[in-house]
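The structure appears right after this line, and notes come after that.
The values are calculated or read from the model by the stated rules, or taken from the named source; none is laboratory data. Owing to the predicted nature of the structure, the values given are computational and were not obtained by experimental measurement. Positions of Cβ are generated from backbone atoms using ideal geometry, with glycine treated the same way; all protein chains shown enter the neighbour counts. Only protein heavy atoms, including side chains, enter the accessible area calculation; ligands, DNA and RNA are left aside. Shrake-Rupley method; radii C 1.70, N 1.55, O 1.52, S 1.80 Å.
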Amino acid sequence: MKVAVIGGVAAGMSAASKIKRMDPQAEVTVYEKGGYLSYGACGLPYYVGGFNDDYTKMIARTREQFEKTGIKTHLHHEVLKVIPSEKQLLVRNHETGDIFIDSYDKLMISTGASAVKPPIEGIDRKGVYQLKTLEDGLRLKEIAADPQIRNVVVVGGGYIGIESVDAFLHLGKNVTCVEFADRILMPFDREISALAEKELISKGVSLRTSEKVVSIQGGQSVSSVVTDKGQYPADLVVLSIGVRPATEFLRDTGIQMAPNGALIVDREMRTSIVDIWAAGDCSLVYHKGLKENAFLALGTVANKCGRIAGENIMGKHIKFTGALGSAAIKVCDLEMGRTGLGEAEAQRQAIDYRTVIVEAMDHPAYYPDPTPITIKLIYEAGTRRLLGAQTAGIKGAVMRVDVFAVAIHNNMTTDELGMTDLVYAPPFAGVWDAVHIAANAAK
Ligand SMILES: Cc1cc2nc3c(=O)[nH]c(=O)nc-3n(C[C@H](O)[C@H](O)[C@H](O)COP(=O)(O)OP(=O)(O)OC[C@H]3O[C@@H](n4cnc5c(N)ncnc54)[C@H](O)[C@@H]3O)c2cc1C
């Protein structure tokens with residue numbers, strides 16, 4: 001059996017590896033447009049920010065390791081077209097310029113998403129970057145190391161934008177963050193994102209929310225960013241205003257897509273066309289809380305769904321249990337996590353919900369250095385079934401979100417969670433842990 005995989009990072013290499021493990025005789029060929037396989041893009045902000053100076057640590061498995069397992073890998077090879085009726089691919093080798101046709105029995109699409117580049121005046125000026133691929137990270141780290149680069153403007157206050165802000169602060173730069181919405185980190189509810197804003201401002205970030213970038217000024221290189229409310233000096237601009245599924249080349253295949261271009265898949269990762277599977281940022285994914293498909297561009301989802309796609313390509317019928325949008329971020333000295341529904345999502349679903357916010361210590365005062373954790377829970381009125389949880393704190397906040405995620409996953413009520421037998425010892429947690437305190441505060 002001949003399997004072609006388009007895109008060789010998280011979802012693609014998870015699928016390819018699974019297929020090879022299940023059938024060492026299967027012929028698996030990976031086409032990757034870029035120059036690297038199987039790397040953790042999630043590590044890029046920390047590489048740029050100098051938390052890690054060895055980019056190879058972000059590479060989970062090298063090309064040589066994949067080749068040893070029998071997976072054929074082609075770097076700098078872009079698939080230009082898929083012809084489902086012929087089961088053929090049109091591929092360009094960017095190193096030689098050659099274009100050739102390959103065929104497949106089964107096809108895995110794992111092309112991820114591309115960073116959005118809006119038509120802003122001056123956007124192509126030297127000094128304007130994005131942080132999406134390993135190549136972007138290598139370039140940005142080199143530029144940022146230049147001591148002449150003092151003023152950095154990050155456009156976009158989502159996960160990647162705020163991680164970039166954190167990275168540039170760590171490098172000692174003057175950082176401005178411009179966000180069009182009236183707050184940053186929209187996957188969090190307002191009370192929790194406000195804590196991130198407070199943390200950034202306390203660390204000296206010039207945070208400009210409710211501002212729209214209108215142009216990027218400069219001569220040969222960038223010199224400032226102009227918004228509808230002001231002008232900010234910039235030696236370097238990082239644009240992180242979102243991603244769009246990299247599926248444009250599939251437009252005429254007939255594969256069903258969502259309005260944003262994400263491929264529509266069932267819970268076995270099948271697309272609407274026989275023998276074509278998809279997973280990761282290029283596709284939608286079943287959201288267990290929303291009980292429908294959603295676009296969640298997260299590595300958590302890409303790795304799991306890629307592996308499931310691999311198994312199903314080999315004839316299994318594994319259904320993805322569903323994502324919860326669980327995610328975490330470090331904002332300077334603050335850690336924040338979220339899982340399940342936020343308030344806006346609960347409202348969109350017309351759920352009769354309640355919320356509670358508590359502040360509880362990560363461990364008791366009779367062990368040194370206890371720190372507070374803020375926890376917000378969203379739960380169904382009446383039944384008190386947990387729907388969502390968000391946390392922020394100096395330590396212990398993020399990993400507690402995993403407890404909430406498991407509880408939501410298993411349809412637990414706050415009453416059940418409030419009596420769950422969690423660990424207790426003074427260096428780690430109180431006898432009533434912060435998780436219990438939040439759950440028991442839900443009325
Ligand atoms: C800076 C940063 C930080 C992140 N942090 C986190 C985090 O902390 N937690 C988290 O869960 N997620 C995080 N993510 C998201 C996570 O990295 C992605 O969800 C994940 O990489 C998606 O995997 P994927 O395989 O679907 O797509 P990708 O990793 O984007 O890989 C797709 C590959 O397909 C290739 N490709 C595209 N089109 C073609 C074509 N036509 N032909 C051949 N190849 C093609 C691309 O070159 C690309 O290499 C982060 C992402 C970034 C950029």
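GNM remark for the chain: springs join alpha carbons under 10 Å apart, and the peak mean-square fluctuation among Gly49, Gly12, Gly70 falls on Gly70.
In debye, nearest 20: dipole of the chain around its Cα centre with unit charges on the Cβ of K, R (+) and D, E (-)?
Details: 49 positive and 52 negative charges, 97 e Å.
Value, rounded to 20: 460 debye.
One chain, two ends: Phe100 and Asn410. Fully extended at 0.36 nm per residue, the span grows by 106.7 nm beyond their Cα-Cα distance.
Note on region 71-210: Lys pairs 8 or more places apart or on different chains, Cα atoms under 27 Å apart, count 23. Where in region 220-234 is the amide nitrogen less than 12 Å from a point lying 7 Å along the Cα-to-Cβ axis of Lys212? Inside the label zone: 227-229.
The distance linking region 1-51 with region 390-443 is 35 Å (Cα centroid to Cα centroid, whole angstrom). For the set Asp23, Asp124, solvent exposure ranked by accessible area (probe 1.4 Å, protein chains only) runs largest to smallest as Asp124, Asp23. Taking every protein chain into account, the accessible area of region 47-197 amounts to 47 square angstrom per residue (probe 1.4 Å).
Here the spin labels are modelled as points 7 Å beyond Cα on the Cα-Cβ line, and at Ala381 and Thr321 they lie 3.1 nm apart. Among the protein heavy atoms, those of Lys173 account for about 20 Å² of accessible surface (1.4 Å probe, every chain in place). Between Lys291, Lys33, Lys330, the GNM of the chain built on Cα springs shorter than 10 angstrom shows Lys291 fluctuating the most.
Within the accessible area of the chain, the carbon and sulfur atoms contribute 53%, probe 1.4 Å, all protein chains present.
Report Rg(Cα)/(2.2 N^0.38 Å) for the chain, keeping two decimals. Spell out each step's value before the answer.
On the way: Rg = 23.0 Å, N = 443, 2.2 N^0.38 = 22.3 Å.
Cα-based Rg divided by the globular estimate yields 1.03.
Between Asp275 and Asp124, the simple spin-label model (points 7 angstrom out along Cα→Cβ) gives 4.1 nm. Candidates Ser206, Ile160, Ile255 compared by Cα position along the dipole of the chain: farthest toward the positive end lies Ile255, with charges placed on Cβ. Using 18 Å as the cut-off for backbone N distance, which residues of region 148-174 belong to the label zone defined by a point 7 Å from the Cα of Ala181 along Cα→Cβ? The answer is 154-166.
Its Cα centre serving as origin, region 117-241 has a Cβ charge dipole (Lys and Arg +1, Asp and Glu -1) of approximately 200 debye. State whether region 49-146 is rounded, prolate or oblate according to the following rule on the C-alpha gyration tensor (a ≥ b ≥ c being the square roots of its eigenvalues): a/c under 1.5 gives rounded; otherwise a/b larger than b/c gives prolate, and the remaining case gives oblate. The shape class here is oblate. A cut-off of 5 Å between modelled amide H atoms, ignoring neighbours fewer than 5 places along the same chain, links Val331 with Met336. Given a 10 angstrom Cα cut-off, can you work out which residue in Tyr366, Tyr286, Tyr55 is the most mobile in a GNM of the chain? Top of the fluctuation ranking is Tyr366. Could you estimate the translational diffusion coefficient of region 333-440 from the Stokes-Einstein equation, with Rh from the Kirkwood formula over C-alpha pairs, at 10 °C and 1.306 mPa s, in whole µm²/s? Translational diffusion coefficient: 115 µm²/s.
With one equal scatterer per alpha carbon and no solvent term, the Debye-computed log10 I(q)/I(0) for region 117-241 at 0.13, 0.14 1/Å reads -0.46, -0.54. Heavy-atom accessible area, probed at 1.4 angstrom with all protein chains present, ranks Glu335, Glu142 as Glu142, Glu335, highest first. The residues neighbouring Val243, those whose beta-carbon lies less than 9 Å from its own, together hold a net charge of +1 under the Lys/Arg +1, Asp/Glu -1 convention.
Inter-part distance, region 79-103 to region 172-239, computed on C-alpha centroids, equals 41 Å.
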